[in-house]
1. Mind telling me which of the residues B:Met35, B:Met17 ends up being more than 30 Å from A:Leu102 (Cβ to Cβ), more than 13 Å from DNA strand C (Cβ to nearest atom), open to solvent by less than 60 Å² (accessible area, probe 1.4 Å) and not assigned by TED's automatic domain parsing to the domain that holds B:Ile119?
2. Of the numbered conditions (1) more than 25 Å from B:Gln83 (Cα to Cα); (2) part of a loop (DSSP other than H, G, I, E, B), A:Glu91 fails exactly one; give the number of that condition.
3. Out of all the residues in segment A:35-53, which are touching a helix residue (DSSP H, G or I) at 6+ places or on another chain (Cβ under 9 Å), of a type outside the set (Ser, Thr, Tyr) and over 13 Å from A:Arg14 (Cα atoms)?
4. In segment B:64-114, which residues are in contact (Cβ under 8 Å) with a residue 24 or more places away in the chain and within 16 Å of DNA strand D (Cβ to nearest atom)?
2 protein chains.
Amino acid sequence: MRKQRLADLSRRERQIMEVVYRDGRVTAAEVLERMPDPPSYSAVRALLRILESKGHLRHEDDGTRYLYLPTLPKQSARKSALQNVVDTFFEGSTEKVVAALLDRDNLSEEDLARLSALIEQTRKEGR
Amino acid sequence: MRKQRLADLSRRERQIMEVVYRDGRVTAAEVLERMPDPPSYSAVRALLRILESKGHLRHEDDGTRYLYLPTLPKQSARKSALQNVVDTFFEGSTEKVVAALLDRDNLSEEDLARLSALIEQTRKEGR
DNA sequence: CAGCATGTGCTAAGGAACTAGCAGCAGGTG
DNA sequence: CACCTGCTGCTAGTTCCTTAGCACATGCTG
């Protein structure tokens with residue numbers, strides 16, 4: 001079985017995988033309604049079947065219908081997705097990413113305090 | 001002209017855009033050698049032309065050949081790429097992303113100090 | 001100049017992605 | 001049972017991505 005990389009997927013396949021990773025355990029109908037520039041219902045079902053045959057997804061029965069979920073755990077997919085963005089757009093610099101995150105949304109004082117604590121924690125462990 | 005979203009591109013097109021964003025200003029040959037599962041040289045050139053016609057890239061003359069660069073500034077592309085990953089894999093949580101970043105690579109004490117300073121700075125501004 | 005290396009532009013074919021629509025199955029309801 | 005609803009499986013067709021290969025331009029070198 002091939003290694004599963006989001007980057008190897010076609011446009012539609014990738015869009016579907018993103019929905020599945022975001023929402024975790026979804027029906028074909030749910031995937032459809034959460035896709036950008038929504039294709040046909042039938043197209044979604046076909047793609048889900050293809051993704052399953054390639055090993056990216058599996059399904060569980062939920063009464064008469066299917067619930068799809070990723071085979072690769074979110075934890076892992078998350079890791080390589082982040083890695084990819086950091087390498088591509090942030091020259092591999094953690095600091096730049098954090099700067100962008102801080103700039104992005106207006107975090108509350110509590111949020112900032114938690115981040116601060118997170119870093120302090122890591123510093124302690126580093127010793 | 002359409003909005004330029006990485007997510008709307010085909011597999012190969014997206015791979016090329018990632019190389020261009022990573023390396024900034026590249027020739028067709030450079031794009032080829034930095035692509036995963038490299039296609040033919042000719043295919044790369046065709047795709048570069050297509051991306052240019054769609055408005056994702058433009059080129060400058062460099063003697064006899066072309067240097068390609070993105071039309072959308074890296075700063076903007078970076079922002080939406082990060083946004084997308086955060087939403088898809090981190091439930092929109094900045095804190096989770098930072099945690100993953102800290103976990104990811106072994107940062108030196110100086111790196112951590114800088115991150116800490118960055119956050120403190122933001123806290124001050126927030127007041 | 002002739003030959004070679006290294007570019008670009010273009011086109012046409014091959015194949016993969018994407019789609020629509022039909023058939024079948026199960027559950028609920030009168 | 002007969003009928004509707006909501007789901008899956010499948011196939012056939014179309015679109016468009018992806019590719020190879022040819023034609024032409026430029027610069028370098030013997």
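1. B:Met35
2. The number of the failed condition is (1).
3. Scanning segment A:35-53 gives A:Asp37, A:Pro38, A:Pro39, A:Ala43, A:Arg45.
4. Selection gives B:Arg65, B:Tyr66, B:Leu67, B:Tyr68.
Yes/no matrix, rows are residues, columns are (1) open to solvent by 30 Å² or more (accessible area, probe 1.4 Å); (2) in contact with a strand residue (DSSP E or B) (Cβ under 9 Å, 6 or more places away or on another chain); (3) within 7 Å of chain B (Cβ to nearest Cβ); (4) assigned to a strand (DSSP E or B):
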site	(1), (2), (3), (4)
A:Asp61	yes, yes, no, yes
A:Leu69	no, yes, no, yes
A:Gln75	yes, no, no, no
A:Asn84	yes, no, no, no
A:Glu95	yes, no, yes, no
A:Val98	no, no, yes, no
A:Thr122	yes, no, yes, no
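The values are calculated or read from the model by the stated rules, or taken from the named source; none is laboratory data. Quick caveat: nothing in here was measured; it's all calculated off a predicted structure. Every residue, glycine among them, receives a Cβ derived from its backbone with ideal geometry; neighbour counts consider all protein chains shown. Remember, those area values only see protein heavy atoms, side chains included, never the ligands or the DNA or RNA. Shrake-Rupley method; radii C 1.70, N 1.55, O 1.52, S 1.80 Å.
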